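Down below is the structure, laid out as structure tokens.
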Amino acid sequence: MISEISYLGGVCPAGPLGVQSGLPSYPKVDPRGWDLGDIEMAIALKRAELNQVMGYRKDYDAEEHNLCLALIRFQDGSSEILVAYSNDSAIPESTRLGLHLIPNVYDKLPPNERFGCDGMAQYHTEPKLLNYLLATLEVRQTAYRRQFLPRDPLYRFILQRQRQQARAQAVLSSDIKKVAAVVIVTEIDCCSTCTAYSIARFRERFPGIPLRTIELGKQVKGGVKPQYRQVTVNRK
Ligand SMILES: [Zn+2]
């Protein structure tokens, strides 16, 4: 499946970024802001990449699972983007690392520091991103340090290098004290569990870090696509 993704060229006005799941909007908006067109482009491109990579599995529909970004702005003005997918357990490690999907570190955090409830919602993308953001560097790097290595020398070499790169990448954004603002961009709107146990909890714990959500209104069952305002996606 190949997607053609393009900007609408500013035809649609940006408008206020919506919160559709009953979340109270955060009073302070990150003054440096993120351009809506770039945000939509970032998640649309990641979706196209993911679908293309997973195309080899004929019985698997990657669109049935949520894709979510955390855009992190640091106090020094630099930024980082974390990517989470709600069904990454279905993806081989090498592919997951190639897509730069963050691992689930829920189990590795002290219970009182976790986002998400103890039900299935811990696998949702929002708590996954926030737990990773909060995780110490050690916790993150442990998640990338696995015992398994394939026998094939080429694949072994590739996987070792990918893990090495992921551990190096994990150093960025590993100090919550340096985070100035976070924007969560999700294809499927935040569910009530994630709203209560992840978004609201983060805002309570870190009142100095504005956390905004951009919910794109995708519905798997109704076949509703993400409601982009600046970007169009044509599937061929
Ligand atoms: Zn959820």
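Derivation of every value follows stated rules applied to the coordinates shown; laboratory data play no part. These numbers were taken from a predicted model, which means no experiment stands behind them. For neighbour counting, all protein chains shown are included, and Cβ atoms are generated from backbone atoms with ideal geometry for every residue, glycine included.
Ranked by the mean number of other Cβ atoms within 10 Å of their residues, highest first, the peptides 88-97, 36-45 come out as 36-45, 88-97.
Fully extending the segment from Arg229 to Ile176, taken as 0.36 nm per residue of separation minus the present Cα-Cα distance, adds 16.0 nm. Among the trypsin sites (Lys or Arg not before Pro) found in region 182-224, those both in a DSSP coil and sparsely packed, with 12 or fewer other Cβ atoms within 10 Å of their Cβ, are Lys221. Near the amide H of Tyr85, within less than 5 Å, lie the amide hydrogens of Ile102, all on another chain or at least 5 residues away, with H placed in the peptide plane. Taking amide H as placed 1.01 Å from N in the peptide plane, Ile214 has its amide H under 5 Å from the amide H of Ile184, Val185, Thr186, each at least 5 places away in sequence or on another chain. Amide H contacts for Ala180 (H built 1.01 Å from N in the peptide plane; partners 5 or more residues away or on another chain; cut-off under 5 Å): Arg73, Phe74, Gln75.
Applying 1/(1 + (r/R0)^6) with R0 = 30 Å to the Cβ-Cβ distance of Gln147 and Tyr60 gives a FRET efficiency near 0.70. Once C-alpha pairs closer than 8 Å and six or more residues apart are averaged by separation and normalised to the residue number of region 3-235, the relative contact order reads 31 percent.
Taking label positions 7 Å along the Cα-Cβ direction at both Glu113 and Thr95, the computed distance is 3.2 nm, reported to one decimal. For the listed peptides 59-70, 128-139, 103-114, a ranking on the average number of other beta carbons within 10 Å per residue, highest first, reads 128-139, 59-70, 103-114.
The orientation-averaged projection of the convex hull spanning the C-alpha atoms of region 3-235 amounts to 13.6 square nanometres.
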